[in-house]
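Contents: one structure, followed by commentary.
The values are calculated or read from the model by the stated rules, or taken from the named source; none is laboratory data. Remember, it's a predicted structure, so these values are computed and weren't measured experimentally. Every residue, glycine among them, receives a Cβ derived from its backbone with ideal geometry; neighbour counts consider all protein chains shown.
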Amino acid sequence: PVSPAVVTVTGAAGQIGYALLFRIASGQLLGPDTPVRLRMLEIPPAVKAAEGVAMELDDCAFPLLDGIDITDDATAAFDGVNVALLVGARPRTAGMERGDLLSANGGIFGPQGAAINAGAADDVRVLVVGNPANTNAFIAAAHAPDVPADRFTAMTRLDHNRALAQLRQRTGAAIDDIRRVTIWGNHSATQYPDLTQATIGGRSALGVVDDQAWVRDTFIPTVAKRGAAIIEARGASSAASAANAAVDHVHTWVHGTPEGDWTSAGVVSRGEYGVPEGLVSSFPVTASGGAFTVVPDLELDEFSRARIDASVAELVEEREAVRALGLV
Ligand code: NDP
C-alpha cells in the first residue's frame, strides 16, 4: 500500500477551502492511487467552522481519505507536509493601504514559510492561492532557505483557464485543441494573457481569431478583470473556479503537461525573459518528472514585451515594499 500524502490547506474554513477539500479527499488532486491525510490550518475563530467541514468530509466516506487533522498552529500543520496549499490570506478591506495589506500577509506567509522550512517532507510542493499570491509566495520562499526555491509557486492557473474559456467561446474550439496559451507576470490586473504562441487544432490561434482588436480590447481585459466581474455578478468572489485551478495546478505539477502543450504558473524566476531573479512571476511552463520548467527561447513581439515588463514592474514594486517593511 502507498503511504498517504500529507496535504495541508490553510484558510480551510473559507470559501475556496470548502470547494477544494472535497476534491482533494476524493482523489482528484494526486490521483486515484494516493491516499490523503488532510491537515486543515485555520485561525482560532475559524477552527470550529473547520471542524464542521471535517464532519462533512467524514460523511462523504471517501475511500482515499486517510484522516483529518485540524489545527491553528503552523508548525503542526506543516510537519511532514507533501503538498501545501496556502489559501488563507488577509483580504484587502476598504481604506486599507497597500503597506498594511503587505504587512498583514507578511505576518501570515513569513511564519508559514518558516514552518515549512522546519518540518516539511523533502518532496514538499507549495502553491500560494491567497492574494497577493505572487508576493506572498515570495515572502514564504524567503523564509524557507533550506527548501529549493522551485518548490514555491503562485497560482495563475485560474487566469490560464479563464483564457482558454474565452477562446473557446469566441472560436467554438474544443478546450483540448487549444494549446500554448500563456499568462505572464503578476496575478493581478496587470497580468498579460498571451495568445501569440497559442494554437487551435495546430493552427495559429491569432490566425483563427483574425481580429487583433478583439484580442487587445476584449480578450485581454476580460481575462484580467474576470475576478471583479464574478464578484459583481455573484456578490462573492470566485471560489469553485479558484479551487478547480488549484487542483489543476498541483495535478499538472505532479503528473506533467501533455506533449506539445504547456500551462501557466507563478514560479521563482531564474532570470528567464528578463524577469529579475528571485521574483515569483507567471511564465509558460511544462511539467515533467514532478518539476516545472520555464519554456525557453520564445520570441516576444514588442507588444508582449511591453505588457510583460509592466506586470513585472509591479512585482518589483511589491518586492521593494516588502523589503522596506522588513518582511523578508
Ligand atoms: P476565500 O477562501 O474566498 O479566499 C482565500 C484567499 O484566496 C483570498 O486571499 C483570496 O484573495 C484568494 N484568491 C486567490 N485567487 C482567487 C480567486 N480567483 N477568487 C477568489 N479568491 C481568490 O476567502 P474566505 O474569506 O472565504 O476564507 C479565508 C479563510 O482563511 C478564512 O476562513 C480565514 O479564517 C482564513 N485565514 C487563515 C489563515 C491561516 O490559516 N493562518 C490566515 C488568514 C486567513 P482576494 O481576497 O483577493 O479575493
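Points worth noting:
- Cβ separations smaller than 8 Å between residues 6+ apart or across chains give the following pairs from segment 41-52 residues that are without any contact (Cβ under 8 Å) to a residue 40 or more places away in the chain and of a type outside the set (A, V, I, L, M, F, W, C) to residues that are more than 9 Å from the ligand (Cβ to nearest atom) and not in a helix (DSSP H, G or I): Glu51/Ile70.
- Leading residue by the ranking (nearest to Leu127 (Cα to Cα)) among those in segment 169-220 that are surrounded by fewer than 16 Cβ atoms within 10 Å (Cβ to Cβ) and among the hydrophobic types (A, V, I, L, M, F, W, C): Ala189
- Helices (runs of 4 or more DSSP H) contained entirely in segment 149-231, each with at least 3 residues that are of a type in the set (S, T, N, Q): 157-171
- Hits in segment 80-108 (condition: in contact with a strand residue (DSSP E or B) (Cβ under 7 Å, 6 or more places away or on another chain), more than 9 Å from the ligand (Cβ to nearest atom) and under 18 Å from Thr153 (Cα atoms)): Val81, Asn82, Val83, Ala84, Leu85
- Extreme residue, surrounded by the most Cβ atoms within 10 Å (Cβ to Cβ), among residues of segment 124-155 that are closer than 17 Å to Arg39 by Cα and more than 16 Å from the ligand (Cβ to nearest atom): Arg125
- Cβ separations smaller than 6 Å between residues 6+ apart or across chains give no pair from segment 237-249 residues that are closer than 19 Å to Val267 by Cα and more than 9 Å from the ligand (Cβ to nearest atom) to residues that are β-branched (Val, Ile, Thr) and part of a helix (DSSP H, G or I).
- Considering residues of segment 35-75 that are charged (D, E, K, R) and over 19 Å from Ala19 (Cβ atoms) only, the residue nearest to the ligand (Cβ to nearest atom): Asp72
- Selection count where residues are within 17 Å of Val215 (Cβ to Cβ), of a type outside the set (A, V, I, L, M) and either without any contact (Cβ under 8 Å) to a residue 24 or more places away in the chain or surrounded by fewer than 16 Cβ atoms within 10 Å (Cβ to Cβ) (or both), scope segment 289-312: 4
- Within the option set Leu158, Leu164, being under 23 Å from Tyr192 (Cα atoms), in contact with a strand residue (DSSP E or B) (Cβ under 7 Å, 6 or more places away or on another chain) and crowded, with 16+ Cβ neighbours inside 10 Å holds for one residue only, Leu164.
- Here Glu259, Glu232 are screened, and the one residue that is surrounded by fewer than 16 Cβ atoms within 10 Å (Cβ to Cβ), away from the ligand (no atom under 16 Å from the Cβ) and outside the structural domain of Asn136 (by TED's automatic domain parsing) is Glu259.
- Verdict on Asp100 being out of contact with any Leu (no Cβ under 9 Å at 6 or more places or on another chain) and exposed (fewer than 15 other Cβ atoms within 10 Å of the Cβ): yes
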